[in-house]
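Written below as structure tokens is the structure these notes are about.
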Amino acid sequence: MPAAAADDQASVVMQLIPGEVYAGQQFAAVIQIKNTGANTWTRDAGYHLATVGGADWGVKRIELAGPVASDETATFKAQLTAPDAPGEHVFQWQMRRAAGAFGEAAPRLEVTVLPRDLSRDDAEFVFQDVSQTMLAGETHQVAIQFKNIGRSAWRAGRVSLASPRGEGLIWALDHVEMAPGQVIEPGAFLVFRFNVQAPPDPGHYPFQWQLHHARDGLFGRPSEGLVIDVR
């Protein structure tokens, strides 16, 4: 049985979520927490990640994928649902067990929830083909597909692929253009195929993309948030 709760400590490594979502939208979130205490975290002992302050993103706790020993890092991945009410909503998580919350809480974010009818442009993430392990400095081709579920066509020169929080620069580019002259009508699919270059230093790096309109900015559902292991 784990020792006293005083031996439970945690520090936040990173979190990956979109800064804007639509009311009722499902989206992927990734949060990494390092075990800096003496106890091994297990499901049976009640260790889990929980929301702070009662915020409801469809789930209020995320379970461990497996045991996490001292000095190891837990990666929590979850499919969350945005609140129905538009506005600014608090997004914050912290480790918990039966004795209560412990360790460092993830940074408190204000996520903007937009009404569904604010934009004529809307997109649904379909799939991505991305290697989740890369060698430092190595070049990889990736593919990301979206479906046009809005009311207007996407046109080259107006719509491109961008990183929601500038993480694209980690991969040696910040946006990807549509093919010249390409038009994606409502109901049709768009696949971006492009090369990324892994960072020069080993580590774990976020990878997520979203469609961007030259006039209105980011729109639609972002791609599933990944954490790439660069060796």
I want to verify the translational diffusion coefficient of region 5-114 in µm²/s; compute it with Stokes-Einstein, Rh as the Kirkwood radius over Cα pairs, at 10 °C and 1.306 mPa s. 112 µm²/s
The extension gain from GLU72 to ARG193, computed as 0.36 nm times the residue separation minus the Cα-Cα distance, is 40.1 nm
Only counting other Cβ atoms within 10 Å, I'd like MET95, MET178, MET134, MET14 sorted with the fewest neighbours first. MET14, MET178, MET134, MET95
Under a plain spin-label model, where a point goes 7 Å from the Cα along Cα-to-Cβ, how far apart in nm are VAL59 and ARG231? 2.8 nm
Fraction of the pair-distance distribution of region 123-230 above 24 Å, Cα-Cα pairs, percent: 22 percent
Table column - 3J(HN,Hα) (Hz), region 211-222, Karplus curve with 6.51, -1.76, 1.60, x for Gly and Pro: 6, 9, 9, 4, 8, 9, x, 5, 8, x, 7, x
Expressed as a whole-number percentage, the relative contact order of the chain with C-alpha contacts under 8 angstrom and at least six residues apart is 20 percent
Find the Cα radius of gyration of the chain, compare it with 2.2 N^0.38 Å by division, and give the number to two decimals. 1.10
Among ASN39, PHE102, GLN26, whose Cα sits farthest toward the positive end of the charge dipole of region 5-114 (+1 at Cβ of Lys/Arg, -1 at Cβ of Asp/Glu, about the Cα centre)? ASN39
Using a Förster distance of 25 angstrom, determine the FRET efficiency expected from the C-beta separation of ARG120 and GLN79, and round it to 0.05. 0.45
Under the rule of at least 5 residues apart or a separate chain, name every residue whose amide H is placed under 5 Å from the amide H of GLN9. THR36, GLY37, ALA38, ASN39
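Taken together, the values in this text are just the output of simple stated rules run on the coordinates, not laboratory data. Worth saying up front: this structure is predicted, and the values here are computed from it rather than measured. So basically every Cβ, Gly included, is an ideal-geometry build from the backbone, and we count neighbours across all protein chains shown.
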